[in-house]
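All remarks here apply to the structure that follows.
The values are calculated or read from the model by the stated rules, or taken from the named source; none is laboratory data. As the structure is a computational prediction, the values presented were derived from the model and not from experiment. Every residue, glycine among them, receives a Cβ derived from its backbone with ideal geometry; neighbour counts consider all protein chains shown.
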Amino acid sequence: MAWTRLELRDRAAPPQAASTTPIGLWTILALAVAIVAIWLSIRAGADAQKPPDATFRAEEHLAAAVVTVRKPGAPEQPCTYQASDSRWHCGAQDFAFVGAYAGLAAGKPMRCLWLHPHAGGAATIVRWPDLSLGDHLEARLRLLDDVGAGQPTRLSIFAAGNALGTLTAVDGRDHADLDVDLPNGRTRGELRIEIAAGDNDWRLACAEVLMTGKRRATGEQTPLDKTLLHTPPARHDQIGRPTQ
């Protein structure tokens, strides 16, 4: 009897295992599909909130710029561009250049434009005379890490003859930012940045300037949907029935 009971249990076991295995596989599959759906939803939301790519970055367009130094009461002196290091050299000192920089500024990694001010309150001026202007501009001014307090370093920004703002940093902890829309006007024009400090000792400045979007010219209107231009207005009688 004991052997018979054991044989019955063995014969009953395979159908029971076969009936539970598909349920387990379907559960795992459904869970995997749910996880993928949640991940895709989160990714889509992140992409929707992602800012548009910049159409202009100052450090990437240095070769097309014009760089000068203006001392108080004196005419502007041109700097010299060297393709070998992709920098504008404005003097014999090691710091006297305008070029791309990547390092720590205000405690964080930053890709920016090196703009150490010159002595005597001289202003370093970087111009892009004929630039395709965006409709939005962002700028950040930082002093390199471990820079202590000193004379304020000021960065002024102009676009198409309009003053957009001035950023000021005093030490390596300052986070001066500018985030503005450009007013409608010519789609091309000059972008200019100027930096200066009353005392340039350890004013190791780095600036990020970028534009996004496409600027609309003065008087330009948003294009209308062409289908609306060719759809005649519907007419109705007094009780609301269309007459055409």
Per-region count, segment 128-149, residues more than 19 Å from the chain's Cα centre (by Cα) and surrounded by fewer than 18 Cβ atoms within 10 Å (Cβ to Cβ): 6
Taking segment 114-143 on its own, how many of its residues are of a type in the set (D, E) and either assigned to a loop (DSSP other than H, G, I, E, B) or in contact with a Cys (Cβ under 8 Å, 6 or more places away or on another chain) (or both)? 1
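What is the residue count in segment 150-159 for residues that are of a type outside the set (F, W, Y) and surrounded by fewer than 21 Cβ atoms within 10 Å (Cβ to Cβ)?
Of the residues in segment 150-159, 5 are of a type outside the set (F, W, Y) and surrounded by fewer than 21 Cβ atoms within 10 Å (Cβ to Cβ).
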Is there any pair with a first residue in segment 74-94 that is closer than 18 Å to E60 by Cβ and a second that is assigned to a loop (DSSP other than H, G, I, E, B) and at pLDDT 95 or above whose Cβ atoms are under 6 Å apart and which are 6 or more apart or on different chains, and what are they? W88/C79
Does at least one position in segment 44-51 carry a residue that is modelled with pLDDT under 55, in contact with a strand residue (DSSP E or B) (Cβ under 8 Å, 6 or more places away or on another chain) and farther than 18 Å from A123 by Cα? yes
Take the residues in segment 59-94 that are among the acidic types (D, E) and more than 16 Å from E194 (Cβ to Cβ); name whichever of them is modelled with the lowest pLDDT. D94
Examine segment 161-170 for a residue that is of a type in the set (V, I, T), under 23 Å from H61 (Cα atoms), modelled with pLDDT of 95 or more and crowded, with 18+ Cβ neighbours inside 10 Å, and state whether such a residue exists. no
